Amino acid sequence: MSPGKSSRRRALTYRQHFAAAWSQFVRESFDSPEHAAHLFGVDGSTARKWWEGSHAPSGFAVGYAFSLAPDAASRFLGGSV
């Protein structure tokens, strides 16, 4: 049985939610997109997209966020939709 349109819609909604939550985490936890880029080892363009909320990170960055700033990561990323 295929998941159908409803499941895809929920996944997209969660992706949008997560991108916004990640953006808030990054803006609250780091001085600038460049600061986040340096600490996460990503290029400036990626960090700016995170900062703006237009993109969310891959799993490595989420895991690393919990090691860099566990309280903030838990506050912004640990909740549910």
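The values are calculated or read from the model by the stated rules, or taken from the named source; none is laboratory data. In this text, all values refer to a predicted model and were calculated from it rather than measured experimentally. Cβ placement follows ideal geometry from the backbone for every residue including glycine, while neighbour counts extend to all protein chains displayed. The accessibility values were calculated without ligands, DNA or RNA, using every heavy atom of the protein model including side chains. Shrake-Rupley method; radii C 1.70, N 1.55, O 1.52, S 1.80 Å.
The heavy atoms of R48 present about 110 square angstrom of accessible area, all protein chains included, probe 1.4 Å.
Give me the extension gain from S7 to L39: residue separation times 0.36 nm, minus the current Cα-Cα distance, reported in nm with one decimal. Each step should come with its number before you reach the end.
Details: separation 32, 0.36 × 32 = 11.52 nm, distance 3.45 nm.
Contour length minus Cα-Cα distance gives 8.1 nm.
For the pair Q24 and D71, the difference between a 0.36 nm per residue extended length and the Cα-Cα distance amounts to 15.6 nm.
Sorted by packing (mean other beta-carbon atoms within 10 Å per residue), highest first, where do 52-58, 20-26, 33-39 land? Intermediate results must be reported in sequence, preceding the final value.
Numbers: 52-58: 15.3, 20-26: 19.6, 33-39: 17.4.
Highest-to-lowest ranking by the protection proxy: 20-26, 33-39, 52-58.
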